[in-house]
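Below is one structure, written out as structure tokens; comments come after it.
Where a number appears in this text, it was derived from the coordinates with a stated rule and is not lab data. For clarity, every value in this text was computed on a predicted model and none was experimentally measured. Glycine also receives a Cβ, built like all others from the backbone with ideal geometry; neighbour counts cover every protein chain displayed.
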Amino acid sequence: MLEIRNLHARIAEDGTEIIRGLNLTVKKGEVAAIMGPNGSGKSTLSYILAGREDYEVTEGDILFDGTSILEMDPAERAAAGVFLAFQYPVEIPGVATMEFLKVAMNSQRKARGEPELKIPDFLKRVKDAAGSLGMDMAMLKRPLNVGFSGGEKKRAEILQMKLLEPRLCVLDETDSGLDIDALKVVADGVNSLRSPDRAMVVITHYQRLLDLIVPDTVHVLYRGQVIKSGDKSLALQLEEQGYAGVVGEAA
């Protein structure tokens, strides 16, 4: 589903290269964990997949279902089925969460040539999805992420993911700032979306998230390259031994 070929990318403003020849394949139905020390390019990779303009791809390609997405803007990538859950979700004052959800869902439906959702159908979908995440509907009347706790912000993003039903979910350190109860709620929401037709890229520092969202594959990113790949046991090894050994092997 996702194939990254010899990707090189830099910060557009100053030309600093962050991704240096990255190769990665994620199949349909697969949950791939991306781990690595700080500064290895994990979040940069997530931003590039989503089409953030702060970064410039200088070489290589990103294929989604066999089609390059490099020339697509973020809205086109979203309509094609790419979703990014941010490490630090942005607050949007003045925009009610419910209105944001309605516009997002109908914009994607319009891009795919589907009819807009009628209000009763929209409300039912939101109520069902919010209930599965333990979210109070009153919260959805508040401005998006404004005044939300860390756990509420992450729940709101998983709610968006459940409603938009993307085919590629990229989770950028979604465990940041969560206590164990909120982490379990978010992990349960993510696990409920596992599907043979959906792929997930889970970026994290810690094994605690991967105890709850068990990956099929684990990839270690260092200095903009995948230097080692394995199954879920690789994450346990990293938790016990740190990155020094893996980095040393690749040096």
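Find how many whole Å separate the alpha carbon centroid of the range 60-103 from the alpha carbon centroid of the range 128-150.
What the calculation gives is 20 Å, centre to centre.
If R0 is 25 Å, what FRET efficiency do you get for GLU3 and ARG112 from their C-beta distance, rounded to 0.05?
It comes to 0.65.
Around GLU249, with a cut-off of 15 angstrom between Cβ atoms, what is the net charge of the other residues, counting Lys and Arg +1 and Asp and Glu -1?
+2
Would you list VAL146, VAL246 from fewest to most Cβ contacts within 10 Å?
In increasing order of surrounding Cβ atoms, one gets VAL146, VAL246.
Taking the dipole about the Cα centre of the chain, with the C-beta of Lys and Arg at +1 and of Asp and Glu at -1, give me whichever of CYS169, PHE64, MET98 is farthest to the positive side.
MET98
Relative to the longest principal axis of the chain, what angle (0 to 90°, nearest 10) does the C-alpha long axis of helix 119-132 take?
It is inclined by approximately 50 degrees.
Scan the chain and hand back the longest stretch that contains none of the GluC sites (Glu not before Pro) lying in DSSP loops with at most 13 other Cβ atoms within 10 Å.
117-251
Using the 10 angstrom Cβ neighbour count as an exposure proxy, how do THR58, THR25, THR97, THR217 rank, fewest first?
Final ranking by Cβ density, sparse to dense: THR58, THR25, THR217, THR97.
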